[in-house]
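To keep things clear, I will list the structure first and then write my remarks on it.
The values are calculated or read from the model by the stated rules, or taken from the named source; none is laboratory data. All values reported here derive from a predicted model rather than from experimental measurement. Quick reminder, even Gly has a Cβ in these numbers, built from the backbone with ideal geometry, and neighbours come from all protein chains shown.
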Amino acid sequence: MKHFEANFDGLVGPTHNYAGLSFGNVASLNNAALTSNPKAAAKQGLQKAKSLADLGMVQGVLAPQERPDLYTLRRIGFSGSDAEVLQKAAQQAPALLNACCSASSMWTANAATVSPSADTRDGKVHFTPANLVDKLHRSIEPVTTGNILQATFNNDRHFRHHQHLPEHTSFGDEGAANHTRLCSEYGHAGVELFVYGQQATNPSAVKPTKYPARQTLEASQAVARLHQLEDESCVFMQQNPDVIDQGVFHNDVISVGNQNVLFYHEQAFLNTAAKFDEIRRKMNTEMHFVKVSTEQVSIDDAVRSYLFNTQIITLPSGEMAIIAPTNCQENPAVFAYLNELVTLGTPIKQVRYYDVKQSMQNGGGPACLRLRVAMNEQEVEAVNQNTLMNNALFTRLNTWVDKHYRDQLTVSDLADPQLIIESRTALDELTQILKLGSVYQFQK
Ligand code: SUG
């Protein structure tokens with residue numbers, strides 16, 4: 001049977017904006033209050049997704065969330081008509097309104113952690129939506145994320161959906177951004193590498209001092225239990241707190257894996273040598289640890305360019321390619337490094353650059369925009385086929401974006417009552433295009 005690693009990219013929602021909501025995410029803070037272009041953002045994302053489909057990859061899309069989130073605004077006491085709720089929130093608590101308007105669900109690397117059937121005891125693909133408790137604007141995503149995942153992977157025989165972890169900082173969970181699956185072939189049992197930022201139940205354990213460590217060891221362990229993974233196929237590794245304090249807010253900003261390749265910065269982890277030995281022992285195949293030194297690329301350049309927020313994909317030819325943001329081309333040290341990398345004799349043979357600047361300005365690179373789901377042929381067939389990228393869906397979604405999205409949005413536009421009408425109209429039509437059923441509260 002054939003096996004694939006599919007990428008499910010988050011569609012950028014109609015309220016994509018720059019509100020500086022993510023403390024610890026340097027791009028988000030630096031670009032706060034910039035004017036965004038939701039239409040361009042959505043089209044950049046679609047173009048990347050379509051390009052991967054054209055390369056022969058299995059590529060899907062995940063629907064965005066409904067924003068502004070009027071349900072949360074009502075839950076915290078703003079009342080009246082939709083327009084009144086928005087207006088009162090804008091006047092009395094603008095920061096809370098901004099949090100309820102973010103299009104952050106586009107970064108589907110944070111939608112969930114996924115374990116393929118080859119790794120799980122019951123032979124199903126397991127999904128646990130991330131609770132994202134560290135950031136208010138993201139903590140309102142998991143319930144709808146769960147609805148969207150269930151409508152996309154809607155077959156009980158093959159897919160198992162869990163509830164998100166308890167909503168407490170002890171279980172801070174950021175999903176696949178802190179999880180990498182290593183394997184020889186996608187269909188063979190692999191090693192799931194969980195990278196955490198801190199231990200919640202051990203206050204004396206080392207952790208960052210300036211910026212938050214969003215992922216806890218306790219959350220990673222809970223996901224491994226839920227997903228029925230064997231101890232022998234899990235490795236729990238701590239992210240270096242010093243790099244979190246330099247803006248590496250997720251592990252996928254400092255390392256990325258694919259099959260038996262782990263591409264990482266030398267400062268990415270704690271206890272690197274011992275943990276790599278554990279990975280080597282638990283893998284039943286040769287590992288390629290591709291290390292980038294500080295001399296080659298500084299942490300600052302890695303954070304600015306998102307060298308490690310690239311996707312490493314295995315092309316149908318068997319060759320590996322890196323999918324990088326154009327920001328990597330614009331950074332001289334990183335561009336020189338990537339040009340050299342493809343000549344080094346590692347499995348990575350090509351680099352392809354895509355412009356995802358609208359997302360990058362909020363700290364979301366190519367890898368943030370996708371959720372990986374390794375599947376066999378039968379499982380791919382069991383996916384909601386209307387969510388899979390092809391020429392027809394690409395054209396349809398571009399037309400849909402052209403019809404409903406604005407080409408300029410500022411934070412002061414977020415209280416515009418027309419925006420909620422535009423957003424709901426767009427999402428209602430999208431659920432018909434993707435045949436998702438009623439995944440949004442306004443449809444229930
Ligand atoms: O959670 N940015 C996102 C970026 C997520 C990137 N994802 C991965 N690395 N996998 C975050 O910090 C910024 C929103 C704003 O400021 O308006 C934001 O949420």
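Scan the range 302-327 for residues that are surrounded by fewer than 18 Cβ atoms within 10 Å (Cβ to Cβ), at negative phi and not hydroxyl-bearing (Ser, Thr, Tyr) and report the count.
Taking the range 302-327 first, the residues surrounded by fewer than 18 Cβ atoms within 10 Å (Cβ to Cβ) are 315-319, 326.
From what is left, the residues that are at negative phi are 315-317, 319, 326.
Now drop any that are not not hydroxyl-bearing (Ser, Thr, Tyr), which leaves 315-316, 319.
Result for the range 302-327: 3.
How about the range 62-108: which of its residues are among the acidic types (Asp, Glu) and in contact (Cβ under 8 Å) with a residue 24 or more places away in the chain?
Our first condition is that a residue be among the acidic types (Asp, Glu); within the range 62-108, this holds for 66, 69, 82, 84.
Matches in the range 62-108: Glu66, Asp69, Asp82.
Any residue that is within 22 Å of Arg370 (Cα to Cα) and modelled with pLDDT of 95 or more - is there at least one of those in the range 82-93? Don't jump to the end; show me each part of the working.
First, pick out the residues of the range 82-93 that are within 22 Å of Arg370 (Cα to Cα): none.
No; the residues of the range 82-93 include none that is within 22 Å of Arg370 (Cα to Cα) and modelled with pLDDT of 95 or more.
If I ask for residues that are in contact with a Leu (Cβ under 8 Å, 6 or more places away or on another chain), more than 24 Å from Ile433 (Cβ to Cβ) and more than 14 Å from the ligand (Cβ to nearest atom), which ones from the range 122-168 would you list?
The answer is His126, Thr128, His162.
Considering every residue within the range 388-397, establish whether at least one is within 16 Å of the ligand (Cβ to nearest atom), closer than 30 Å to Asn251 by Cβ and either out of contact with any Cys (no Cβ under 9 Å at 6 or more places or on another chain) or at pLDDT below 95 (or both).
Kept after step one, since they are within 16 Å of the ligand (Cβ to nearest atom), are these residues of the range 388-397: none.
The answer is no; no qualifying residue exists.
When the range 151-166 is examined, which residues are found to be assigned to a strand (DSSP E or B) and over 18 Å from the mean Cα position of the chain (by Cα)? Break it down stepwise before answering.
From the range 151-166, those assigned to a strand (DSSP E or B) are 159-161; that's our starting set.
Within the range 151-166, Phe159, Arg160 qualify.
When you go through Glu218, Glu295, Glu192, Glu230 one by one, which is the residue that is surrounded by fewer than 16 Cβ atoms within 10 Å (Cβ to Cβ) and either in contact (Cβ under 8 Å) with a residue 40 or more places away in the chain or among the aliphatic types (A, V, I, L, M) (or both)?
Only one candidate qualifies: Glu230.
State yes or no: is Lys291 over 30 Å from Ala103 (Cβ atoms), part of a strand (DSSP E or B) and in contact with a strand residue (DSSP E or B) (Cβ under 7 Å, 6 or more places away or on another chain)?
On the way: over 30 Å from Ala103 (Cβ atoms): yes; part of a strand (DSSP E or B): yes; in contact with a strand residue (DSSP E or B) (Cβ under 7 Å, 6 or more places away or on another chain): yes.
Yes, satisfied.
Only one residue in Val411, Val373 is β-branched (Val, Ile, Thr) and farther than 22 Å from Thr128 by Cα, so which one is that? Before the answer, list the steps.
Values: Val373 fails: farther than 22 Å from Thr128 by Cα.
From the options Val411, Val373, the qualifying one is Val411.
Return yes when Val351 is within 21 Å of the chain's Cα centre (by Cα) and surrounded by fewer than 23 Cβ atoms within 10 Å (Cβ to Cβ) and no when it is not.
yes
Considering only helices (runs of 4 or more DSSP H) fully contained in the range 1-113, which possess at least 1 residues that are within 13 Å of the ligand (Cβ to nearest atom), in contact with a strand residue (DSSP E or B) (Cβ under 8 Å, 6 or more places away or on another chain) and farther than 28 Å from Gln378 by Cβ?
Values: elements: 26-30, 38-54, 70-75, 82-92, 94-99.
By residue number, 38-54.
Could you say whether any residue in the range 167-182 is outside any helix (DSSP H, G or I) and of a type in the set (Ser, Thr, Tyr)?
yes
Got at least one residue in the range 234-243 being on the phi > 0 side of the Ramachandran plot, surrounded by fewer than 22 Cβ atoms within 10 Å (Cβ to Cβ) and at pLDDT 95 or above? Explain how you work it out, then say what you get.
The initial filter retains those residues of the range 234-243 that are on the phi > 0 side of the Ramachandran plot, namely none.
No, there is no match, as no residue in the range 234-243 is on the phi > 0 side of the Ramachandran plot, surrounded by fewer than 22 Cβ atoms within 10 Å (Cβ to Cβ) and at pLDDT 95 or above.
For residues that are without any contact (Cβ under 8 Å) to a residue 40 or more places away in the chain and at positive phi, tally how many sit in the range 23-61.
Number satisfying all stated conditions: 0.
Tell me whether the range 276-283 contains one or more residues that are closer than 23 Å to Tyr353 by Cβ, surrounded by 16 or more Cβ atoms within 10 Å (Cβ to Cβ) and within 24 Å of the chain's Cα centre (by Cα). Can you show your working first?
We begin by selecting, within the range 276-283, every residue closer than 23 Å to Tyr353 by Cβ; these are none.
No, that holds for no residue.
Mind listing whichever residues of the range 246-272 are in contact (Cβ under 8 Å) with a residue 60 or more places away in the chain, part of a strand (DSSP E or B) and touching a helix residue (DSSP H, G or I) at 6+ places or on another chain (Cβ under 8 Å)?
Leu262, Phe269
Would you pick out the residues in the range 120-134 that are in contact (Cβ under 8 Å) with a residue 40 or more places away in the chain and under 17 Å from the mean Cα position of the chain (by Cα)? Walk me through how you get there before you give the answer.
Going through the range 120-134, the residues in contact (Cβ under 8 Å) with a residue 40 or more places away in the chain turn out to be 120-122, 125-126, 128-134.
His126, Thr128, Pro129, Ala130, Asn131, Leu132, Val133, Asp134, listed by residue number.
Checking Ala392 against (1) within 24 Å of the chain's Cα centre (by Cα); (2) part of a helix (DSSP H, G or I): exactly one of these is not met. Which one?
(1)
Given (1) within 16 Å of the ligand (Cβ to nearest atom); (2) under 25 Å from Pro325 (Cβ atoms); (3) touching a strand residue (DSSP E or B) at 6+ places or on another chain (Cβ under 9 Å), where does Val261 come up short, assuming only one miss?
(1)
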